[in-house]
Amino acid sequence: KNSEPNGIYGVLPYIAPEVLIKEQYTKASDIYSFGMIMLEIFTGRRPYHDTSHDEDLAIKICLGSKPEIKCEIPQFLALINKCLDEAQDRPTAKELVGILKKCLLDLNDEKTKLYKQVEAIKNSAINSSIDYQTHEQAIYTGRRLYFPKLYNS
């Protein structure tokens, strides 16, 4: 996500709103991207798969829009949402490590709520598939992004 004089390089859904409007790139920007990756892992769907990855989407993201999150595990849903919060409200990498370590411990303990939720989902997922359409203008490869409406507001 290197900033260029006339744009940004990256994959739109994974770029933090503050980076889109050319504010300072920070560690919190990486946390936003990590949240989008978590969303993809836990839902099986790419963020904003059903919409064009254009300036209109960039504006919506900067106005606080988040992709639809269909995650049946409340702890993961809360963590994803926290990563997609305003930059100052996102967890730090150190906090994420602590949260994820606890999740890992819980996933290995049959008595925990998290273990039971994941097992229930695994059992129901055996006979189901993740089927969705990707918009023809949803682009998931790095590219130069230039959104003059964002920079001139």
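The values are calculated or read from the model by the stated rules, or taken from the named source; none is laboratory data. Just so you know, these numbers come straight off a predicted model, no measurement behind them. For neighbour counting, all protein chains shown are included, and Cβ atoms are generated from backbone atoms with ideal geometry for every residue, glycine included.
Quick notes on this one:
- In the stretch 96-114 there is at least one residue matching the filter, namely being over 20 Å from the mean Cα position of the chain (by Cα) and among the polar types (S, T, N, Q).
- Selected residue (criterion: surrounded by the most Cβ atoms within 10 Å (Cβ to Cβ)) from residues of the stretch 67-99 that are among the acidic types (D, E) and under 28 Å from K149 (Cα atoms): D85
- Selected residue (criterion: surrounded by the most Cβ atoms within 10 Å (Cβ to Cβ)) from residues of the stretch 1-22 that are assigned to a loop (DSSP other than H, G, I, E, B) and at pLDDT below 90: K1
- Count of residues meeting criterion [free of Cβ contacts under 8 Å to residues at least 60 places away in the same chain, buried (at least 20 other Cβ atoms within 10 Å of the Cβ) and not in a helix (DSSP H, G or I)] in the stretch 38-66: 1
- Selection count, the stretch 100-145, where residues are surrounded by 10 or more Cβ atoms within 10 Å (Cβ to Cβ), under 25 Å from D56 (Cα atoms) and modelled with pLDDT of 90 or more: 10
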